[in-house]
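Report on the following structure.
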Amino acid sequence: MKPSFLFLIFTLLLFSCHKEPKETETQDTLTNCNTIYIRQDGNNTFYENNPTYNNIESTNYQWKFSNFNEANIDSLVFNSGTNILENHTTLFSFLLIRNNKIVYEKYFNGSDKNQSNNIHSASKCILSALIGIAIDKGIIDGVDQKVLDFFPQYIPNNTLKKEITIKHLLNMTSGLDWEEDNTEYSIEILNNWTKAILDLPLVNSPGTTFNYATGNTHLLSAILSKASDTSTCTFLYTNLMTKLGIVVEHWGKDPQGYFSGGYNFYITPRELAQFGLLYANNGMANSNQIIPTNWINTSRISQINVDSDYGYSYGWWITNILGNNVYKAWGYGGQYICLIPSLDIVIVSTANTNGVYNPLNIDSFIAEYVIPAIQ
């Protein structure tokens, strides 16, 4: 054969062997976004029955540890409250981190560091971070972009719905008539959850009234998927989780294939802490800017009042304890990330929600045993 003909054959073979990456081919070979949603019980309800998964850790993240003295924490003050943790009936974990080092880490009621459980609405802060990344990449125009831009075939039953923005969804001010822990059960029997959420009556003008609604964040997941032309799962792994070395053991999905927006999300307490440290370190990890700094800064400014004690911003609950601002990712049943920047403290706590609802009063614990222990 002539050399030119050989070159032609080689070129054809090269192109025939090349495949465009599938949606599930992420940098993390342990993650398959086509199977991660499969439920142990085989059901397709809005919320799950919260089983436990074993961690399929792939990270080479090396945690650093410190003792109380090195961290300038009074061990007598802190340890005077540990009996509360040890006697709590549904608590799974409690981690206290200062200066990026684990000072205290305990697991309870049969749990351990490799146990992956549903962090529920604490994952709303993770979804918020993805929106910030998408805006930074130009995939979404900005927080003021209208929600219905992403649903062009939807005809609103109230023209004021055209004014709902991404910011309104992030801050729980869409105005849609959603009653948390009730509306979900009328949504789950329908085939199109996003349309059902958009079809809800508008009871407040967008941007005016706080009303906690997981339907808002589920719309954000659908928007992210539409804007990025991939699944929220793939976007998460490409832009966030692989950079932190985190593997999600399970993540729910709706009948249309949109991943659960701020619920049904399973990771370990240490992985939850890694995400918390990302916010504590202004979006930086491994010398890389993963979440835009301006997104972190805006998330720390209360944008809507919830009540006399709490504000809310981009998925984070904001309060003040003993003169220190505290930013909380807060999930059903006692799943927490608590950031106290003024003291360089990150607290993570998780709990069993496969039964009786009994959350740890994390604010009281911080007020009585954490902040007073800081020297």
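The values are calculated or read from the model by the stated rules, or taken from the named source; none is laboratory data. No experiment lies behind these values; they were computed from the predicted model shown. When we count neighbours, we look across all protein chains shown, and the Cβ atoms used for this are built from the backbone with ideal geometry, even at glycine.
Yes/no per residue for (1) surrounded by fewer than 22 Cβ atoms within 10 Å (Cβ to Cβ); (2) touching a Lys or Arg at 6+ places or on another chain (Cβ under 8 Å); (3) among the polar types (S, T, N, Q); (4) at pLDDT 95 or above:
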residue	(1), (2), (3), (4)
F68	yes, no, no, yes
N83	yes, no, yes, yes
F94	no, yes, no, yes
K106	yes, no, no, yes
I131	no, no, no, yes
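In this structure, does I155 turn out to be part of a loop (DSSP other than H, G, I, E, B), over 21 Å from G315 (Cα atoms) and either at pLDDT below 95 or charged (D, E, K, R) (or both)?
Numbers: part of a loop (DSSP other than H, G, I, E, B): yes; over 21 Å from G315 (Cα atoms): yes; either at pLDDT below 95 or charged (D, E, K, R) (or both): yes.
So I155 passes the test.
When the residues of the range 240-291 are narrowed to those that are closer than 22 Å to L339 by Cα and among the hydroxyl-bearing types (S, T, Y), which ends up surrounded by the most Cβ atoms within 10 Å (Cβ to Cβ)?
T268
From the list K64, K19, pick out the single residue that is at pLDDT 95 or above and loosely packed, with under 14 Cβ neighbours inside 10 Å.
Every option except K64 fails the conditions.
Which residue pairs have Cβ atoms closer than 7 Å, lie 6 or more positions apart in sequence or on different chains, and pair a first residue in the range 363-375 that is surrounded by 15 or more Cβ atoms within 10 Å (Cβ to Cβ) and in a helix (DSSP H, G or I) with a second residue that is among the aromatic types (F, W, Y) and modelled with pLDDT of 95 or more?
Listed pairs, sorted by first residue: Y369/F78; V370/F78; A373/F78.
Look at I318 and say whether it is surrounded by 18 or more Cβ atoms within 10 Å (Cβ to Cβ) and under 17 Å from M241 (Cα atoms).
When the stated conditions are applied, I318 does not pass them.
Counting only residues that are at pLDDT below 95 and closer than 20 Å to I56 by Cα, give me the helices (runs of 4 or more DSSP H) lying completely in the range 208-312 with at least 3 of them.
Working: elements: 214-228, 232-236, 269-280, 293-299.
Of the helices (runs of 4 or more DSSP H) lying wholly inside the range 208-312, none has at least 3 residues that are at pLDDT below 95 and closer than 20 Å to I56 by Cα.
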